[in-house]
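Input: a single structure, listed below in structure tokens.
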Amino acid sequence: MKAFHKLLPLVLCCLLLVACGSEPAPTAPGTTAAPSEPVLEILDWADDIAPSADTLKQAVTVKSFIDGDTTHFLVPEDVNPEGVLKARYLAVNTPESTGKIEEYGKAASRFTREKLENAAEILIESEDGTWNADSTSERYLVWIWYKTAEGEPWRNLNVELLQEGLAYANSAAGNRYGDTCMGAIQQAKAAKVGIYSGEKDPDFYYGEAVELTLKELRCNIEAYNGMKVAFQGVITANSGTQGVYVEDYDAETGMYYGMYIYYGHGLNGAGLDALTVGNLARIVGTVQFYEAGGTWQVSDLSYRLMDPQDPNNVQKLESGHAPAYTSINLETFASEVTIPNGEGELTARWAELSLGTSVEMKGLQVVDAWTTDNPDSSAYGAMTLVCEAEGGNITIRTVPMKDESGNLITQDDYLDKYIDVLGIVDFFDGGYQIKVFTPENITIK
């Protein structure tokens with residue numbers, strides 16, 4: 001198998017024509033033989049190559065899965081000072097499953113996850129002698145290798161995605177494994193698998209948006225996984241990373257319910273204007289679980305400029321609203337509540353049900369703090385403040401913030417002080433916290 005890519009053009013033709021030279025089966029007198037289908041020999045192109053000798057390589061473990069062609073790996077600090085390398089797979093472009101939802105996107109994401117979760121070893125490899133960043137400057141272009149068991153040969157996941165029909169080519173021919181990539185692509189097309197099958201994706205939601213409330217969505221979130229939904233709420237905060245938070249009040253339970261809305265690169269003009277803080281907006285998007293953050297979000301928003309009344313558009317309904325900033329204490333934040341949910345009841349942590357809503361908490365003493373100090377990180381200057389109140393503690397997380405003179409605000413500005421906080425209920429690293437987006441939302445007492 002290792003020599004197949006040397007004879008690639010001839011092999012691909014022979015694969016499709018191999019049956020044509022076979023002896024035809026005899027037919028009964030007076031009948032006509034049905035034309036025979038060419039027999040396609042399926043090759044395992046992912047096993048056709050091995051890591052090169054003249055590239056950078058690093059054994060890794062997975063930190064978090066993003067989608068089919070992007071994974072965050074834990075690496076030594078000499079590879080990346082943050083200890084994490086955000087890998088963008090070379091030669092492939094899998095259908096979207098995060099900011100935009102496309103057919104076979106979830107299948108590609110699931111395939112990558114299953115292969116790496118069950119791998120005995122994982123290796124990343126550069127295209128040459130350097131760890132090369134992509135156009136975002138935050139992700140690195142790499143080849144992904146894995147072993148199914150100790151002692152087994154390396155398999156190339158990039159190529160495997162191509163041969164399974166779960167990725168389009170992305171400059172696949174012009175790299176060091178180009179012949180193998182092209183062989184995998186041509187085979188996937190000939191075998192009509194995945195994106196080349198011509199069949200509907202069983203994981204893709206083709207129906208109309210389900211109209212509901214934020215309370216119904218938040219309390220039954222898993223039931224709507226992968227579905228298009230529509231609801232309304234007030235935009236309360238801009239995350240600064242192509243997303244906003246939205247909340248809505250439910251009179252029956254006396255609570256606010258919220259959601260993080262990721263709009264990515266797909267909106268501009270009136271679509272973005274609809275998501276301005278203070279607007280009451282109609283949101284139409286797809287429910288998905290964000291692997292890296294461990295939370296649910298709504299994404300795949302759209303706005304058709306030529307058809308402003310399209311019911312699938314994100315729409316501005318009103319302006320002049322403000323975040324609720326529900327006043328709570330530590331006891332409420334950590335409590336469990338039971339609320340009516342459809343024909344039954346739901347018991348959950350208050351913070352879990354209030355995820356994504358705006359809150360106010362007063363009289364917090366900052367007893368510990370640290371700041372992201374890597375200047376190459378997009379989170380450079382973000383602070384984590386550990387606060388005590390009423391015999392317990394809570395974590396306040398900020399984005400990078402600057403004072404009126406443009407100087408970065410540091411943990412020393414808050415350490416050992418009492419503060420009042422306006423923020424959004426957030427979930428990070430397995431725990432609930434409050435996230436703050438502007439320095440005006442932290443008041444030193």
(message) Taking loop as defined by DSSP and a crowding limit of 16 other beta carbons within 10 Å, which GluC sites (Glu not before Pro) in segment 198-261 fit?
(response) 199, 208, 252
(request) Name the long-range amide H neighbours of residue 295: under 5 Å, sequence gap of 5 or more, or other chain; modelled H, no Pro or chain starts. (result) 290
(message) Once you keep just the Cα pairs under 8 angstrom separated by 6 or more residues, what percentage relative contact order results for the chain?
(response) 10 percent
(message) If the reach is capped at under 16 angstrom between alpha carbons, list the aspartates and glutamates near residue 215, excluding any in the same chain fewer than eight residues apart.
(response) 247, 248, 250, 252, 343, 345, 352
(request) State the percent of C-alpha pairs, over all pairs in segment 308-390, separated by a distance greater than 15 angstrom. (result) 76 percent
(message) Taking a ≥ b ≥ c as the square roots of the Cα gyration tensor eigenvalues, with a/c under 1.5 meaning rounded and otherwise prolate when a/b beats b/c, else oblate, which class fits segment 144-203?
(response) oblate
(message) Under 5 Å between amide hydrogens, which residues at least 5 positions from residue 121 or on another chain qualify, with H placed 1.01 Å from N in the peptide plane?
(response) 147
(request) In a Gaussian network model over the chain where Cα atoms closer than 10 Å are linked, find which of 343, 102, 152 has the largest mean-square fluctuation. (result) 343
(request) Quick one: grab Rg to one decimal and Dmax as a whole number for segment 221-313, Cα atoms only, in Å. (result) 13.0, 40
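How charged is the neighbourhood of residue 170? Take every other residue with its Cβ under 14 Å from the Cβ of residue 170, and add Lys/Arg as +1 and Asp/Glu as -1. Provide the component values of the computation, followed by the final result.
Details: positive: 88, 139; negative: 67, 69, 96, 127, 134.
Charge balance in the 14 Å sphere: -3.
Would you please give the FRET efficiency between residue 41 and residue 277, computed as 1/(1 + (r/R0)^6) with r the Cβ-Cβ distance and R0 = 51 Å, to the nearest 0.05? Show your work: numbers first, answer last.
Numbers: r = 59 Å, r/R0 = 1.15.
Computed FRET efficiency for residue 41 and residue 277 comes out at 0.30.
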(request) Could you provide, to the nearest whole Å², the per residue accessible area of segment 214-288 with probe 1.4 Å? (result) 36 Å²
(message) Can you give the local net charge around residue 333? Use residues other than it whose beta-carbon is closer than 15 angstrom to its beta-carbon, Lys and Arg +1, Asp and Glu -1.
(response) -4
(request) For helix 8-17, report the angle its Cα long axis makes with the longest principal axis of the Cα atoms of the chain; keep it between 0 and 90° and round to the nearest 10°. (result) 70 degrees
(message) Output the 0 to 90 degree angle, nearest 10, between the alpha-carbon long axis of helix 178-191 and the longest principal axis computed from the alpha carbons of the chain.
(response) 80 degrees
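I need the GluC sites (Glu not before Pro) found in segment 125-174, filtered to DSSP loop residues with at most 11 other beta carbons within 10 Å of theirs. Could you put the intermediate results ahead of the total?
Working: sites: 125, 127, 138, 150, 160, 164; in loops: 127, 138, 150, 164.
Answer in residue order: 150.
At most 13 other Cβ atoms within 10 Å and a DSSP loop assignment: could you name the trypsin sites (Lys or Arg not before Pro) in segment 220-307 that fit? Each step should come with its number before you reach the end.
Numbers: sites: 228, 282, 304; in loops: 304.
Those that pass, being in a loop and sparsely packed, are 304.
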(request) Could you check the simple spin-label distance between residue 372 and residue 420, using points 7 Å along Cα→Cβ, in nm with one decimal? (result) 2.9 nm
(request) Treat the chain as a sphere of radius equal to its Kirkwood radius over Cα pairs and apply Stokes-Einstein at 37 °C in a medium of 0.692 mPa s; give the translational diffusion coefficient in µm²/s, rounded to a whole number. (result) 132 µm²/s
(request) Determine the per residue accessible area of segment 67-111 with all protein chains present and a 1.4 angstrom probe, expressed in square angstrom. (result) 35 Å²
(request) Could you look at the chain and say what percent of its accessible area is carbon and sulfur, using a 1.4 Å probe and all protein chains? (result) 49 percent
(request) Return the sequence-ordered ³J(HN,Hα) values of segment 393-408 in whole Hz as given by the Karplus equation 6.51 cos²θ - 1.76 cosθ + 1.60 applied to θ = phi - 60°, using x for Gly and Pro. (result) 9, 8, 9, 10, 10, 10, 7, x, 10, 10, 7, 5, 8, x, 8, 5
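The values are calculated or read from the model by the stated rules, or taken from the named source; none is laboratory data. Since the structure is predicted, the reported quantities are computational estimates derived from the model, not experimental observations. Ideal geometry is used to build each Cβ from the backbone, glycine not excepted, and the neighbour counts take in all protein chains shown. Areas reflect the complete protein model, heavy atoms only, side chains present, ligands, DNA and RNA absent. Shrake-Rupley method; radii C 1.70, N 1.55, O 1.52, S 1.80 Å.
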